[in-house]
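Q: The structure's right below; bear with me while I get my questions together.
The values are calculated or read from the model by the stated rules, or taken from the named source; none is laboratory data. Source: prediction; values computed, not measured. We place every Cβ from the backbone using ideal geometry, glycine too, and count neighbours over all the protein chains shown. When the accessible area is computed, the model is the full protein with side chains, heavy atoms only, and any ligands, DNA or RNA have been set aside. Shrake-Rupley method; radii C 1.70, N 1.55, O 1.52, S 1.80 Å.
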Amino acid sequence: MNSQERILAAINGESLDRVPCSYYATHTVTRKLTSYLQASNFREVLDRLNIDMFNIRGFIDPIWKGPFPKERIIAENVTENHFGWRTKKVQTALGIEEFQCDHIFAGAQTEDEIEQFNWPEVDWFDFAAMPEQIRNYEGLALMALSASVFQHPTMVRGLDNFLCDMYINPSLAACLMDKYTDFYVKYYDKMFSACPGTITVLKISDDIGMQDRPLIRLNQFEEFIKPNIKRIVDMAHSHGVKVMFHSCGCIVDFIDGLIEIGIDILDPIQVRARDMDPAAIKQRFGSRICLHGAVDIQWTMPEGTPEDVENEVRERIAVLGRGGKYIISPCHALQQDVPMENILTLYETIHHCQL
């Protein structure tokens, strides 16, 4: 059983030789890990750690052919990309990090202001070279990311403004969500058509939970988010691609709705968030949806010892891996505060731990 077969078997609830895993880290951590392992390339890192699935962004990408630069510097350490997202590089105690800033539609009052932006066209991306790049990762499960219908609109509107829009200016909120949904349906349809049968999972990322409660109400999820997600799910399924939905935080209220529209994998099971206890989530939903994640990134990975990491991995596999439908992974991207020893312990324990 190769990695792609193992991931698909987990999603489908079929027999497994072991619980599969995915690699989830920032590019800065990946560079440091490659150096730490003295690996010659990223594929060697994946093989050394026995990774089954990884996200392809930054490793296998279409070529930008747009009429203007995909990114431009607009101020010191501030960059704007083709979607209008502005980020600022900030020196932290652990290194340089990027943060959202200066939301370009923060002051918008009408849909016309949204329409006037020079929105990127799918034809500005050339997917022709991707099949050749994919051959370098033969046997692995590839995950494309990230589509978004809620979180990406907040990057140009601002989260506080967008949450208010859903109450007092719903047509503007819907306009922004339609822009992103329309784009991602066309973008990934073109990608999957260019790379038939080679991409296993599409990830949709929309954080709709906080540490102790949902970020939005259930009726807002039903009205604004669920129909748009379903459009992306239906497109991906038409290509035989499975769909993962990512949301940090307390999202238990939304899981039944996600299952209803065909989400195959739920990520990341943020175990320290309210109502996201792994055993309870497994008991309530584990027969209907594949669970992904659940290794704590808030304390265990950055602050715990290698022994703490090993114990948590063994517990997650024992609880969530029972009966299949589980892919083990950190609850979020491994960041610069996670010791290399803990990363190695995470994947070594996964590889040697049997159900």
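Q: Test Pro330 against the stated conditions and say whether it is open to solvent by 40 Å² or more (accessible area, probe 1.4 Å) and either more than 22 Å from Glu5 (Cα to Cα) or under 20 Å from the mean Cα position of the chain (by Cα) (or both). I'd like the intermediate steps shown before the answer.
A: Numbers: open to solvent by 40 Å² or more (accessible area, probe 1.4 Å): no; either more than 22 Å from Glu5 (Cα to Cα) or under 20 Å from the mean Cα position of the chain (by Cα) (or both): yes.
For Pro330, the condition - open to solvent by 40 Å² or more (accessible area, probe 1.4 Å) and either more than 22 Å from Glu5 (Cα to Cα) or under 20 Å from the mean Cα position of the chain (by Cα) (or both) - is not met.
Q: Then there is this: Mind listing whichever residues of region 233-259 are within 24 Å of Tyr187 (Cα to Cα), out of contact with any strand residue (DSSP E or B) (no Cβ under 7 Å at 6 or more places or on another chain) and either assigned to a loop (DSSP other than H, G, I, E, B) or of a type in the set (Asp, Glu) (or both)?
A: Asp234, His239, Gly240
Q: Please go through region 78-96 and give me each residue that is within 27 Å of Gly66 (Cβ to Cβ), of a type outside the set (A, V, I, L, M, F, W, C) and part of a strand (DSSP E or B), ordered by number.
A: Just the residues of region 78-96 that are within 27 Å of Gly66 (Cβ to Cβ), to begin with: 78-89, 96.
Adding the requirement that they be of a type outside the set (A, V, I, L, M, F, W, C) leaves 79-82, 84, 86-89.
Scanning region 78-96 gives Thr79, Glu80, Asn81, Arg86, Thr87, Lys88, Lys89.
Q: If you don't mind, another one. Sort out which residues of region 186-212 are closer than 18 Å to Leu291 by Cβ and among the hydroxyl-bearing types (Ser, Thr, Tyr), and write them in order of number. Before you say what the answer is, go through the steps one by one.
A: Just the residues of region 186-212 that are closer than 18 Å to Leu291 by Cβ, to begin with: 200-209.
Selection gives Thr200, Ser205.
Q: So, one more: So, in region 63-104, of the ones that are touching a Phe, Trp or Tyr at 6+ places or on another chain (Cβ under 9 Å) and hydroxyl-bearing (Ser, Thr, Tyr), which residue ends up surrounded by the fewest Cβ atoms within 10 Å (Cβ to Cβ)?
A: Thr79
Q: To continue, here is another question. Would region 196-216 turn up any residue that is part of a helix (DSSP H, G or I), open to solvent by 20 Å² or more (accessible area, probe 1.4 Å) and of a type in the set (A, V, I, L, M)? Can you show your working first?
A: In the first step, residues of region 196-216 are kept if they are part of a helix (DSSP H, G or I); the result is none.
Looking for residues that are part of a helix (DSSP H, G or I), open to solvent by 20 Å² or more (accessible area, probe 1.4 Å) and of a type in the set (A, V, I, L, M), one finds none in region 196-216, hence no.
Rundown of residues vs (1) farther than 24 Å from Asn342 by Cβ; (2) at pLDDT 95 or above; (3) surrounded by 24 or more Cβ atoms within 10 Å (Cβ to Cβ), yes/no style:
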{"position": "Pro227", "(1), (2), (3)": "yes, yes, no"}
{"position": "Arg231", "(1), (2), (3)": "yes, yes, no"}
{"position": "Met235", "(1), (2), (3)": "yes, yes, no"}
{"position": "Phe245", "(1), (2), (3)": "yes, yes, yes"}
{"position": "Cys250", "(1), (2), (3)": "yes, yes, no"}
{"position": "Gly262", "(1), (2), (3)": "yes, yes, no"}
{"position": "Pro268", "(1), (2), (3)": "no, yes, yes"}
{"position": "Ala273", "(1), (2), (3)": "no, yes, no"}
{"position": "Pro278", "(1), (2), (3)": "no, yes, no"}
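Q: Going residue by residue through region 140-163, is there one that turns out to be surrounded by fewer than 19 Cβ atoms within 10 Å (Cβ to Cβ) and among the aromatic types (Phe, Trp, Tyr)?
A: No, region 140-163 has no match at all.
Q: To continue, here is another question. Going through region 281-311 one residue at a time, which ones are of a type outside the set (Asp, Glu), farther than 21 Å from Ile11 by Cβ and not in a loop (DSSP other than H, G, I, E, B)?
A: Thr300, Met301, Pro302, Pro306, Val309, Asn311
Q: Hey, another quick one. I'm trying to understand the selection: among the residues of region 114-152, which are within 19 Å of the chain's Cα centre (by Cα) and under 27 Å from Leu176 (Cβ atoms)?
A: Met143, Ala144, Leu145, Ser146, Ala147, Ser148, Val149, Phe150, Gln151, His152
Q: Could you check how many residues of region 5-45 are under 18 Å from the mean Cα position of the chain (by Cα), assigned to a helix (DSSP H, G or I) and more than 21 Å from Ala318 (Cα to Cα)?
A: Summing the residues that are under 18 Å from the mean Cα position of the chain (by Cα), assigned to a helix (DSSP H, G or I) and more than 21 Å from Ala318 (Cα to Cα) in region 5-45 gives 4.
Q: Out of (1) open to solvent by 50 Å² or more (accessible area, probe 1.4 Å); (2) polar (S, T, N, Q); (3) outside any loop (DSSP other than H, G, I, E, B); (4) modelled with pLDDT of 90 or more, the odd one out for Gln109 is which?
A: Result: Gln109 fails condition (3) only.
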